[in-house]
Amino acid sequence: MSLDEALERLLSTATGQRITDTETVSTFEALGRVLAEDVASTLDVPPADNTSMDGYALRAADVPAAGTVLPVSQRIPAGVVGQPLQAGTAARIFTGAQVPPGADAVVMQEQTAAAGEGQVRIDTVPTSGQWIRRRGEDIATGATVLRHGDRLTAQAMGLAASVGRATLRVCRRPRVAVFSTGDELLMPGQPLRPGAIYNSNRYTLRGLLEGAGAAVTDLGIVPDRLDATRAALREAAADNDLIVTSGGVSVGEEDHLRPAMLAEGRLDLWQIAMKPGKPLAFGAVRRGPSASGQGAAAAEGRAEALFIGLPGNPVSSWVTCLLAVMPVLRALQGMPAAAPRAIAVRADFDWPRPDRRREFLRVRFNEQGGLDLFANQSSGVLTSAAWADGLVDNPSGQVIARGDTVRFLPLSALLHA
Ligand code: AMP
Ligand code: MG
């Protein structure tokens, strides 16, 4: 199956199970949340013409030549509203203060000099309008500044505040349960015994999911046993919208997710034509009667929790979470489906032996604006992921020669699109 086909199926299911609950949060607390309303401005921003410089507000026509001396008729600090400007005078004014009626220009103080008691010399010929920020030049009353489905970045929170919004209506956080499978896994802090490795996916996945606005329930490590896997799935389904697991989705004898999922719900095991990240499982876990009536997810009346099983190899887990789980989280929160925006960038490396599958290569920008390749592209080498600025999306069988233009997916686009 192609990744695009897998995504289409994932997204159509997720869109059908879109979270409809919303909540009102303080604009301060809205970082990363997804808007459940349009935000329209009820005011002009800025609310009045104001100066972008410390200096003197005056009529440009009163200064026909550099060196003109004008009496200073008033002083207007920021936050104070001055008097209408008397013709033939200048008002001392400070950045952010409203320009008084009658003035049509500001001369910055660096282009003026004191000229005796209560007078100022203007050493430039001003043009009408200079250094004035116009009322409504950022936002006009009635303009929609943010839309339903927009993710609230730091800038978007600031923008909402600039139109006076103390609270915002947002989608309820998607509730996501995560567990790792594998008897070889230990947690950092435990001594490493022979045969064991530390559980890195638990950290990577939790970080990605929380960064995408999810409320994560971490169910830890589940042993490679059918009964334990089934119990973990039931617990996870009770009050979550989505269950994300790592490992155990190959078809080895120790991979118990498939039989456990078939017993607790339904599952498709996909072999996706991508590298890294070939095996991906997608399904749903039934909610038992004990779960109904409890919790937010159950309260919305859905009978099942979605399930995505990621491969265990750390880079595969990370890449498939970026490419498949992030879009599902966006769809669950009502964000419009949009492929991450790829940019055309020069490859400063050779890739002479491409895979038959579509590959996602770990790359990083160099100072010349080209892309360097991490030397070891193995799916177990997490160093490559921590080093990378993003992924090159390389089509099946495509040789890359130094200087070629490739499709680059910046991490920022994969994480926050
Ligand atoms: P699996 O998909 O369970 O066959 O695992 C594939 C590879 O990924 C094996 O080498 C596992 O040891 C490794 N692996 C699985 N889960 C994790 C994890 N949570 N953290 C780090 N490595 C893992
Ligand atoms: Mg395993």
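The values are calculated or read from the model by the stated rules, or taken from the named source; none is laboratory data. Bear in mind the structure is a predicted one, so any value in this text is a computation, not a measurement. Cβ atoms come from the backbone with ideal geometry, glycine included; neighbour counts cover every protein chain shown.
Among all residues of region 62-80, there is none that is basic (K, R) and not in a strand (DSSP E or B). Residues that are in contact with a Gly (Cβ under 8 Å, 6 or more places away or on another chain) and either of a type in the set (S, T, Y) or surrounded by fewer than 19 Cβ atoms within 10 Å (Cβ to Cβ) (or both) within region 115-150 comprise R121, D123, H148, G149, listed in sequence order. Checking each residue in region 90-118 for being assigned to a strand (DSSP E or B) and in contact with a Phe, Trp or Tyr (Cβ under 8 Å, 6 or more places away or on another chain) picks out A90, A91, R92, I93, A105, V106, V107, M108, T112.
Condition check ((1) modelled with pLDDT of 95 or more; (2) touching a Gly at 6+ places or on another chain (Cβ under 8 Å); (3) of a type in the set (D, E, K, R); (4) over 19 Å from F282 (Cβ atoms)) across all residues:
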residue: L3; (1), (2), (3), (4): yes, no, no, no
residue: A6; (1), (2), (3), (4): yes, no, no, no
residue: I19; (1), (2), (3), (4): yes, yes, no, no
residue: T22; (1), (2), (3), (4): yes, no, no, yes
residue: S26; (1), (2), (3), (4): yes, no, no, yes
residue: V34; (1), (2), (3), (4): yes, yes, no, yes
residue: L43; (1), (2), (3), (4): yes, yes, no, yes
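Return a yes/no flag: does region 258-277 have any residue that is more than 25 Å from G390 (Cα to Cα), within 16 Å of ligand 2 (Cβ to nearest atom) and part of a strand (DSSP E or B). Yes, region 258-277 contains at least one residue that is more than 25 Å from G390 (Cα to Cα), within 16 Å of ligand 2 (Cβ to nearest atom) and part of a strand (DSSP E or B). Summed over region 361-413, the residues that are in a helix (DSSP H, G or I), in contact with a strand residue (DSSP E or B) (Cβ under 6 Å, 6 or more places away or on another chain) and among the polar types (S, T, N, Q) give a count of 1.
Listed by position, the strands (runs of 3 or more DSSP E) contained in region 158-227 that have at least 1 residues being within 15 Å of ligand 2 (Cβ to nearest atom) are 175-181, 215-222.
Of all residues in region 233-253, those that are closer than 22 Å to T320 by Cα and out of contact with any helix residue (DSSP H, G or I) (no Cβ under 8 Å at 6 or more places or on another chain) total 3.
Annotation note: Cβ proximity below 6 Å between a residue of region 242-258 that is at pLDDT 90 or above and a residue that is surrounded by 15 or more Cβ atoms within 10 Å (Cβ to Cβ) and part of a loop (DSSP other than H, G, I, E, B) (sequence gap 6+ or interchain) occurs for S246/G312; G247/G182; G247/G312; L257/G248; L257/V249. Residue count for region 162-183 satisfying the condition of being surrounded by 16 or more Cβ atoms within 10 Å (Cβ to Cβ) and either within 26 Å of the chain's Cα centre (by Cα) or more than 18 Å from A232 (Cα to Cα) (or both): 15. Taken together, the criteria exclude R302 from residues that are crowded, with 20+ Cβ neighbours inside 10 Å and at pLDDT below 95. Taken as a whole, the structure leaves A87 outside the set of residues that are touching a helix residue (DSSP H, G or I) at 6+ places or on another chain (Cβ under 9 Å), outside the structural domain of L58 (by TED's automatic domain parsing), of a type in the set (A, V, I, L, M, F, W, C) and not in a strand (DSSP E or B).
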